[in-house]
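The values are calculated or read from the model by the stated rules, or taken from the named source; none is laboratory data. Source: prediction; values computed, not measured. When we count neighbours, we look across all protein chains shown, and the Cβ atoms used for this are built from the backbone with ideal geometry, even at glycine. The protein model used for the area step is the full one, side chains on, heavy atoms only, and it has no ligands, DNA or RNA in it. Shrake-Rupley method; radii C 1.70, N 1.55, O 1.52, S 1.80 Å.
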Amino acid sequence: LPPPAHLCLLTLLLPPLSSAAPISLAESISQAYSLALYMQKNTSVLLQTYLQYQGSPFSDPGFSAPELQLSSLPPATAFFKTWRTLDDGERLSLAQGAFLALTQHLQLVRDDQSDLNPGSPILLAQLGTARLRAQGLLGNMAAIMTALGLPMPPEEDTLGLVTFGASAFERKCLGYVVTREYGHWTDRAVRDLALLKAKYPA
C-alpha cells in the first residue's frame, strides 16, 4: 500500500539526518524542485476553497480582482526579460523574501479565518499546510544558497504593523491576495528551480 499523504509530505520537508553524508548541490535543487511541483498541484485548490468560504462577491463564479495588491507582499509577476537575466543569487533571494513573507501572511490569514469562518476545518487545514510547505521550500532554498556560497537575505517582519480593527471585508480581501500570490510565487519558484536544475544537473 502507498504511504499516507502526510508521510509523503514529511519526506519532502524533512532535512536529511545529520549522520548521513551531505547531499550535493544537484540533489538539493532536485529536492526543492520536487517540493515546488508538489505545491503547485494544490495551489488552485487552496484558492478556490478560500473563495468558496468568503461569500459573495468572492464566491461568485469567475471572481478575479488582479488590481488588489498588498504592499507587504511582493507580486510574483515580472517581465520575462527582467526575470530571465537575473543571476542565481538574485533569483533565489527574491524567492526567499517572497516565501518568508508568505509564511507570515498565511499565518495571519489562518488567524483571520479562524475568527471569520470557525466552522471551516478544511480551509483552516489547507492554510496551515500551505504555510508548512512554504517553510519547507524556504529551508530547501537556504540549502541551495549555502551550497552556492550565496549570502542569505535577512529575515524580516514583512507584515509590520497590523490593523487589528480591519473590517471583515478587508480581511477577506487580504486573504484572497495572499492565497492568489501563494499560487503565483509557487509557479515562479518552479520556473526558477527548473533553470537551476538545468544548470546544475545531477
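Couple of notes before you dig in:
- Taking the listed residues Glu155, Glu170, the one that is of a type outside the set (A, V, I, L, M, F, W, C), open to solvent by 20 Å² or more (accessible area, probe 1.4 Å), in a loop (DSSP other than H, G, I, E, B) and at pLDDT below 95 is Glu155, with no other qualifying.
- Within region 87-142, tally of residues that are open to solvent by 30 Å² or more (accessible area, probe 1.4 Å), β-branched (Val, Ile, Thr) and in contact with a Leu (Cβ under 7 Å, 6 or more places away or on another chain): 0
- Options Leu106, Leu51: the member that is of a type in the set (A, V, I, L, M), touching a Lys or Arg at 6+ places or on another chain (Cβ under 8 Å) and within 13 Å of Val178 (Cβ to Cβ): Leu106
- Subset of region 32-84 [among the acidic types (Asp, Glu) and either open to solvent by less than 70 Å² (accessible area, probe 1.4 Å) or under 21 Å from Leu100 (Cβ atoms) (or both)]: Asp60
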